[in-house]
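We did not get these values from a lab; they are worked out from the coordinates using the rules stated. It should be emphasised that the depicted structure is a prediction, and the values quoted were computed from it without experimental measurement. Counting neighbours? That spans all protein chains shown, and the Cβs are built from the backbone with ideal geometry, glycine included.
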Amino acid sequence: MTTAQDTNNYRTPPSIIATIIGISLVASLFLSWLVYYHQPTDVAGTQLAFLPALNAALNGLCTVFLLIGFSKIKSRQITAHRNSMFAAFIASSLFLVSYILNHAMHGDMKFPAGHPTVRFIYLWILLLPHILLAVVALPMILITFFLSLTGRFPAHKKIARYTFPIWLYVSVSGVVVYALLAAYK
């Protein structure tokens, strides 16, 4: 008979971690190809022009759910925390679908060169960390969810301490990226 203590001490099979990292790597490579090599189908942006705003809204919604989830776990409201984190995951998943659709159709949005100081801040201080942390966040989010769903809460709590701020930064900076692009286009 397996006890709660046995479940919490269970070591994650390396194949599970390898699968999560493999899925994350394939997703990152696909997104890189989509953004940098794929020829968009609607360069003029005449179809589904609302997608960038939808992406920002979904990132904003994810941020709200992350903050609610954080406050709920701090007050030991486990069910409310779980529900908030699932909502954040759904918002992020919907964002990813919308992001892929937007880039497949419209391509990558370039920051105008006419504002060199703001462009430098946008590219190197905001966008670069956003992209790098988004790549790191995906496997961390999946591993954190896996640990929670398998009832391994001490391990979940350990990794969630790192996953949460990274996921939050990526969500918030995604909104800021949209706002800067919209303001300077």
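Can you tell which of I90, H103, F70 lies farthest toward the positive end of the dipole of the stretch 48-184, using +1 and -1 charges on the Cβ of basic and acidic side chains (Lys, Arg; Asp, Glu)?
F70
Quick check of the Kirkwood formula: for the stretch 48-184, what is the inverse mean of 1/r over all pairs of different Cα atoms, in Å?
Evaluated on the stretch 48-184, it is 15.8 Å.
Dipole magnitude of the stretch 48-184 about its Cα centre, charges +1 at Lys/Arg Cβ and -1 at Asp/Glu Cβ only, in debye to the nearest 20? Don't skip to the answer; put the middle values down first.
On the way: 10 positive and 1 negative charges, 130 e Å.
In total the dipole reaches around 620 debye.
Would you mind pulling out the separation of the Cα centroids of the stretch 105-158 and the stretch 166-185, in Å?
11 Å
Sequence gap of 8 or more, or different chains, plus Cα separation below 24 Å: how many lysine pairs satisfy both in the chain?
Count of close lysine pairs: 5.
Run through all the Cα pairs of the stretch 105-185 and give the fraction in each 5 Å bin from 0, expressed as whole percent.
Calculated P(r), rounded to whole percents: 3, 15, 20, 17, 14, 10, 8, 7, 4, 2, 0.
As a test of the formula, what do you get for the chain when each DSSP H run with n ≥ 4 contributes -39,500 (n - 2.57) and the sum is divided by the residue count, at 222 nm and rounded to the nearest 500 deg cm²/dmol?
Numbers: 7 runs with 141 residues, N = 185.
Theoretical 222 nm ellipticity from helices: -26500 deg cm²/dmol.
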